[in-house]
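Worksheet: one structure, shown below.
The values are calculated or read from the model by the stated rules, or taken from the named source; none is laboratory data. All values derive from a computational prediction rather than experimental measurement. All Cβ positions, glycine included, derive from the backbone under ideal geometry; neighbour counts span all protein chains shown.
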């Protein structure tokens, strides 16, 4: 079987691969520390009637809703878009005890803001760790708007036809469909499917761990309530800077180097060296507008080159937005 080709009635993942997929997760997999600039504040995230102000200045209140119990029959957990290609699925590295676990969601503005699976409802998390996959990633990919937490054994054994039937039966991803619902892949209620926050992206998941080092909860955060922290740098542009590293004390303190060139096709290329994954670049014209169209971003080593089209003669400011984490 090749990626993207599936029989309607056969398992999504060939039977010969099932044992290997499930064996990749371990009850002893190490816990992965979260980045220092992240404050998950799960207690605040699931606080009922939390006030949220929308883009129009209107205030809305969060609601907390118990969905039911998620049936994790194998203890191998998947967190990803339910509709994405199952090829090379990457379960969470840490395997948990099989069981049925209560699920709660927090909702606001018609969106699911976060999911919490209570592995031990009587315990209180003392610390939070990244719920990393076997590929050491803890941002769940969501490309088709149907984020899910599911039992991996059921997911890989489910046929493509049955998955398609689940989407139709539960109106997943449809206008007026449920924001969150339990569905049955192989066993009853062995998957939870939700609308994924406000857009497709990658969303962080966390393990809650008690004082004894035991995992007691799993949270997926769609960042609807998060306050994103960023440091902004404005570089005043003049033609003398073309082709040479732009020097400033602020950039040096941030460990960054920025160079702007114009390539043979007349495109403007802003090369950022240092921590390029965490930086957005905007070019601003003399009229104060971002009149330059971003074409692509090319990565090479620790350099990320942002390519724009536009009239370089009208350029006045290079604006950098440097990601500094988030808090709930």
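Residue count for the range 285-306 satisfying the condition of being in contact (Cβ under 8 Å) with a residue 12 or more places away in the chain and closer than 18 Å to residue 256 by Cα: 6. With respect to (1) out of contact with any helix residue (DSSP H, G or I) (no Cβ under 7 Å at 6 or more places or on another chain); (2) assigned to a loop (DSSP other than H, G, I, E, B); (3) surrounded by 19 or more Cβ atoms within 10 Å (Cβ to Cβ), the lone exception for residue 80 is condition (2). In the range 123-148, the qualifying residues are those that are under 18 Å from residue 85 (Cβ atoms) and part of a strand (DSSP E or B), and the one that is modelled with the highest pLDDT is 133. Restricting the range 89-101 to residues that are within 18 Å of residue 131 (Cα to Cα) and in a strand (DSSP E or B) leaves a set whose member that is nearest to the chain's Cα centre (by Cα) is 92. When 53, 42 are screened for being assigned by TED's automatic domain parsing to the domain that holds residue 77 and modelled with pLDDT of 90 or more, only 42 passes. Exactly one residue out of 12, 36 is under 30 Å from residue 161 (Cα atoms) and either surrounded by fewer than 12 Cβ atoms within 10 Å (Cβ to Cβ) or at pLDDT below 95 (or both): that is 12. Here residue 86 meets each of (1) in a loop (DSSP other than H, G, I, E, B); (2) in contact with a helix residue (DSSP H, G or I) (Cβ under 9 Å, 6 or more places away or on another chain); (3) farther than 19 Å from residue 147 by Cα; (4) in the same structural domain as residue 191 (by TED's automatic domain parsing) with one exception, condition (3). Determine, yes or no, whether residue 209 is in the same structural domain as residue 98 (by TED's automatic domain parsing) and under 21 Å from residue 36 (Cβ atoms). Yes: the conditions hold for residue 209. When the range 306-328 is limited to residues that are in contact with a helix residue (DSSP H, G or I) (Cβ under 7 Å, 6 or more places away or on another chain) and within 24 Å of residue 253 (Cβ to Cβ), the one that is modelled with the lowest pLDDT turns out to be 323. On the basis of being exposed (fewer than 15 other Cβ atoms within 10 Å of the Cβ), in the same structural domain as residue 61 (by TED's automatic domain parsing) and at negative phi, does residue 116 make the cut? Spelling it out, it is not the case that residue 116 is exposed (fewer than 15 other Cβ atoms within 10 Å of the Cβ), in the same structural domain as residue 61 (by TED's automatic domain parsing) and at negative phi. Of all residues in the range 285-306, which are within 30 Å of residue 38 (Cα to Cα) and surrounded by 18 or more Cβ atoms within 10 Å (Cβ to Cβ)? Listed by number, the residues that qualify are 304, 305, 306.
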